[in-house]
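The values are calculated or read from the model by the stated rules, or taken from the named source; none is laboratory data. These figures come from a predicted structure and were not determined experimentally. Ideal geometry is used to build each Cβ from the backbone, glycine not excepted, and the neighbour counts take in all protein chains shown.
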Amino acid sequence: MTSPTTRALKVSSHWACIAGPDIGAVIPVGEPIGRSCSVLLTDPHTSRCHAQSQTDARGQVWLSDQQSVNGIAIRTRWGMWRSPTSQGPHRIRIGQHIRVGSNVFELRPRPRALIWPVPEQSHSRRWMSVISIGVMALFLIWRLQRILAIPSGVLVGVCCACAAAVGAFCVFKWLLMRRRWRCVDASFLALILAVSSVDHSDAPKPGGIYIWPERPNGYRHGARRGVFQLVGPSPSGSSPGAPLNATAIFRRMDIPRVQRMGFLGPHASLAARWWAAQCAARCGGGKVIDEDGACWSVGTGTEVVHISAVEDCPWCAPKDARHTGDNGQRSADLIHIGIGRSFHELPSWCDRVVTAERPCVSLTWWLACATPMSDHTNTPALPREIVWDRVDVIRDHAPAVGVDAHGLVTLDLERNGPHALVAGSTGSGKSQALITWLLSMCMAESPHDLRLVLIDYKGGATFKQLADLPHTECVLTDLDPRLTDRALRGLQALLRRREQLFNDVGVSDRAQWVREFTANPSGPTGPPPPRIVVVIDEFRVLKDEHPDSMNTLMRLAAQGRSLGLHLIAATQRPSGAIDASMRANIDLRIALRCVSATDSLDILSDARAHQLPKNPGRALLAGSHGLSELQFAFLPNVRSVVDAIRAQNNCGGLLAIPRSHNTPGSQTQDVALPKDSPGSRSQAVSSSQRSPSWQSPDVSLWPQEIPADVTWEQADSLCAPQACQSDRTSPILAIADGVDQDMHRPLVWDGPALHFYMPSGSQARARRWVQSAAVRLASARKLPLHLCSDCLEIPAVSHVSTLNIEDFALLIEHIHVHGPAVLAIDDLDAFLDALSTRIGLTNAQALWSTLQQRAESRGIIIIGARLSQNRSHGVRVSQRTWTIFQPTSRSDVYAFGLQTRLPLPSRECDVWVCSPGSVTPIEATIPLGIPDSPSSAHLTSELSDSWRVRNLDRHQRHIALIGADWHPYVPTSPRDWMILTDQTHISTEWITQLHDAAGWDQARIDILATSAWSRLPLSPTIRLVVLDPPVDVARALLRRCRSPSLALEAHMWDESTGFLIENGRCERLAVPLPTSPNNQ
């Protein structure tokens, strides 16, 4: 397939990228523009097929948007950008600019002449004659004005007209020069190099070629942005350093001369390629060997250009001769270009240095200009497969992973990292390469020195084999994303703890700690903490499912080197998955075979990974010394290697020799490994055995998840060391998850109330938790327990249900008088709804608010659960109330007024706990079971003497019962009685019995109908008994009391029940059933 620059020369117009990540790219009109089109753009803001251009019959160019994400922008004639509202097509004129993603393209016609320009002649001396002519003209005008007596106004007008004409001429010349040089850039050079044969008879030959280090812009004085004259070795008979065959146009030009150019800065490699391409354009083509050893053909010439980043050019033979050809003889056609990020890395043989502050070309441009050639060195071919029975370590505990053309390859994150990016298509051997690398790491270091956190988002198929390694902390999969979120939070907390630890020890990074410990093992610092390697397979899937966790990974990538944490991210396509900030911290990049050249460019900034053979494990390694091809080893029996590591991680003198097995037709290569130092290994083992408990490999890096079946007894034993330091009367209500700290901790109750907010449908769980908390709290404080529940599972002094709501009303009205006590309500909304139905919403809110206001001062502990999110019934949370939430969605979080981004609880036992006065919850776990009921007397209604509310027992022998607990009524003084009832047959025998029991005279008893209630005098000398009153009569009489009772309004009375008003106070009353006349 022809190159895009060649195809651009066969059409009337083309797109030239003049700014952006793909500057210099050339796209013929008629071909799509995007990252997966004929010209592979690298801009991440460009879609795969972003835009499409076409030419109509009249030669006009039309551009249409292909439903791209970021759209297109068109520059108007006035220099303003506009984004079309429709997808088009839109007409584009020659010279007009468009913006596609971050790239800016210009529509250009096919150039008439494909000749690389030379600098213009300097006119600095010609201006001297112009100045003298101008002075003489002014003197002549002055003399003519004197002789001819021309008016001064006319003279001034003539002078202004002349000045305007001169200015217009200068502007016209400047516009012509600008128009001439505007299209001379990298895109124009790419078209020149696409021509197979170009007439360069008028151009200087090697040894006297003129090259711009940046975009050509005419001639400018100075070497920073101007032009340089490249000179070579002098032939016989010429002066040293003189340009060869220089034309007369340059003889009087002050152009700096250079033999070995050097480029400095972040874009030095691209600047060197720009320089090499100009050399090829002036010389008819050439061959370029870049700093990675790749050989490129530019044009059809034979000029040789070496780009080197080291002191001795590795592409020359012999090495001590920088200007030698492939045959070892000196050649005047050999050109050297040095590159480096700083002066420290720049070769010293560069006689001229230019700082590449901004890129004038791009890698996309270079791939269009140059064609890859076979390697210029005689390196042996790699075997198709390397099979190892086991892995081994070599000198300095460096893990071996495979072989390259020069022998064994080792990858050490501390030396080559600190982080790595591994990418490759399906079937390229990416998973096997990771397994080989990780097993080699584990063989090189003990579990005291290395810990692995494996995240496998392919269902766990890759790292399942490594779960039994003693180095493996955990294996996380996409089958349970909750554990992945928790592990990432644990790593974030680990980073904070290590920062504080390193600050306390007084070291700047782990490497310094290792040096100090090696120099003085018995010193006060102790052994350093282990290195942690986080390996993520399918990083893109992890980012899509856990977008909030990327900040943790970015921080890990930024601080990993100093804190001893490393990241290995493996993905099929890193584009869009690896952020720019994370890429800046990943120096070690490994690319296995890629599906497209775009993916290879995204990983390595080189397209050669797309051309790798289809051998599993074949990869390109990009490190500090450029690109190198290697073959990862394959371990057919991973289980045996894992067993060997488990058996030998505490032994010294590890030695194994990998064997190379080759498939038929492949080459054979045997690799032997040097022995590791037994002394250093035993010393490392002995030092790890002296490690403190916090560093032991048996101790997790972060607290493990609390099991879902934890019991209250296990919670008490787990938190016993912390709980013994607190008040023994404050029980443990939950276990706080210690993933953000260094250990789990108990949540000890220390407030006046505890509220549970549960999702709908969790009545059984709410009932268990409320009753568990009530039992533990009442047992610890030795308080009576009053339970409001429809299901009784624990002993309680009082037990009321929604069926007898009048008892609930009496309980919340009078419990503060008989405190301290524990009041437990497992469904607060149901009880308050039933109470509102009886006495109205306003009265129910008043009754509950009164209890909340008086509860803390009277020692009443309220434990309640709500199964809805509404805030009705006046249920408010005081500043000292503990609240336990179990939200099911983010809307629940916002409804509760919480301020957190914690993951939602996923298990039945997981909750959020807010301490008093806080809106930031704490993750905790509550056992689901009810604790063993204690045998204390204060919890059982039969043995307790505490005040309580109970149901009326009709079979109980009594004269009269009164109060919330239906205790026998004993009058204190003889008074007159008045009975208000509508019953026709009413018995007053019980009053006579009361007086007889007290030894008083016969009582005076008046019986009135309920219709006469308004005429009743409320005298303190009269006892008023109201039996089975109507609702309105009962409400009116109760509110006339000195101490009205809202709870009595909730009662449903019958012929033997009512209330007694005495001394302005009212109490409920039960009397013997009336006897009908037939029974008398």
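Keeping to the stretch 977-997, report how many residues are over 19 Å from Asn1063 (Cα atoms) and either part of a helix (DSSP H, G or I) or among the charged types (D, E, K, R) (or both).
7
Quick one: count up the residues across the stretch 764-793 that are surrounded by fewer than 21 Cβ atoms within 10 Å (Cβ to Cβ), outside any helix (DSSP H, G or I) and of a type outside the set (Asp, Glu).
Going through the stretch 764-793 one residue at a time, the tally reaches 3.
So Ile27 ticks every box in (1) modelled with pLDDT of 90 or more; (2) surrounded by fewer than 20 Cβ atoms within 10 Å (Cβ to Cβ); (3) in contact with a strand residue (DSSP E or B) (Cβ under 6 Å, 6 or more places away or on another chain) but one. Which box is left unticked?
Of (1) modelled with pLDDT of 90 or more; (2) surrounded by fewer than 20 Cβ atoms within 10 Å (Cβ to Cβ); (3) in contact with a strand residue (DSSP E or B) (Cβ under 6 Å, 6 or more places away or on another chain), only one is false for Ile27: (2).
Could we say that Ile536 is under 15 Å from the mean Cα position of the chain (by Cα) and crowded, with 22+ Cβ neighbours inside 10 Å here?
Yes, satisfied.
List pairs: first residue in the stretch 840-857 and under 19 Å from Ala753 (Cα atoms), second residue loosely packed, with under 14 Cβ neighbours inside 10 Å anywhere in the structure, Cβ distance under 8 angstrom, at least six positions apart or on different chains.
From residues that are under 19 Å from Ala753 (Cα atoms), the pairs are Ser849/Arg876; Gln852/Arg876; Glu856/Arg880.
Looking only at the stretch 447-468, how many residues end up being closer than 16 Å to Val641 by Cβ and over 24 Å from the mean Cα position of the chain (by Cα)?
The total comes to 7.
Return the total of residues in the stretch 469-516 being in contact (Cβ under 8 Å) with a residue 12 or more places away in the chain and under 18 Å from the mean Cα position of the chain (by Cα).
18
Identify the residue in the stretch 271-298 that is aromatic (Phe, Trp, Tyr) and in a helix (DSSP H, G or I) and, among all such residues, is surrounded by the most Cβ atoms within 10 Å (Cβ to Cβ).
As a first pass, look at the stretch 271-298 and keep what is aromatic (Phe, Trp, Tyr): 274-275, 296.
From what is left, the residues that are in a helix (DSSP H, G or I) are 274-275.
Numbers: Trp274: 28, Trp275: 26.
The residue in question is Trp274.
Considering each residue of the stretch 93-141, count those that are charged (D, E, K, R) and either modelled with pLDDT of 75 or more or touching a Pro at 6+ places or on another chain (Cβ under 9 Å) (or both), and give that number.
Residues of the stretch 93-141 charged (D, E, K, R): 93, 99, 106, 108, 110, 112, 120, 125-126.
Right, trim to either modelled with pLDDT of 75 or more or touching a Pro at 6+ places or on another chain (Cβ under 9 Å) (or both) and you get 93, 99, 106, 108, 110, 112.
Counting residues in the stretch 93-141 that are charged (D, E, K, R) and either modelled with pLDDT of 75 or more or touching a Pro at 6+ places or on another chain (Cβ under 9 Å) (or both) gives 6.
Against the condition surrounded by 18 or more Cβ atoms within 10 Å (Cβ to Cβ) and closer than 19 Å to Leu811 by Cα, how does Arg1023 come out, does it pass?
Criteria not met by Arg1023.
If you take the residues of the stretch 30-79 that are among the β-branched types (Val, Ile, Thr) and under 22 Å from Ser187 (Cβ atoms), which of them is surrounded by the fewest Cβ atoms within 10 Å (Cβ to Cβ)?
Once the filter is applied, the top-ranked residue is Thr55.
Results for (1) in contact (Cβ under 8 Å) with a residue 12 or more places away in the chain; (2) in the same structural domain as Lys458 (by TED's automatic domain parsing); (3) more than 16 Å from the chain's Cα centre (by Cα); (4) surrounded by fewer than 21 Cβ atoms within 10 Å (Cβ to Cβ), shown as yes or no for each residue.
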| position | (1), (2), (3), (4) |
| --- | --- |
| Asn551 | no, yes, no, yes |
| Ala558 | yes, yes, no, yes |
| Leu565 | yes, yes, yes, no |
| Arg573 | yes, yes, yes, yes |
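Assuming Ala51 fulfils every condition listed in (1) farther than 24 Å from Ser575 by Cβ; (2) in contact (Cβ under 8 Å) with a residue 12 or more places away in the chain; (3) of a type in the set (A, V, I, L, M) apart from one, which condition is it?
Among (1) farther than 24 Å from Ser575 by Cβ; (2) in contact (Cβ under 8 Å) with a residue 12 or more places away in the chain; (3) of a type in the set (A, V, I, L, M), the lone unmet condition for Ala51 is (1).
On the given criteria, is Arg77 over 24 Å from Thr42 (Cα atoms), not in a loop (DSSP other than H, G, I, E, B) and not polar (S, T, N, Q)?
no
Restricting attention to the stretch 350-366, which residues are at pLDDT 85 or above, part of a loop (DSSP other than H, G, I, E, B) and closer than 18 Å to Cys313 by Cα?
Answer for the stretch 350-366, where residues must be at pLDDT 85 or above, part of a loop (DSSP other than H, G, I, E, B) and closer than 18 Å to Cys313 by Cα: just Cys350.
Taking Ser440 as the residue in question, decide whether it is touching a strand residue (DSSP E or B) at 6+ places or on another chain (Cβ under 6 Å), crowded, with 24+ Cβ neighbours inside 10 Å and farther than 30 Å from Arg515 by Cβ.
So Ser440 does not fit the description; no.
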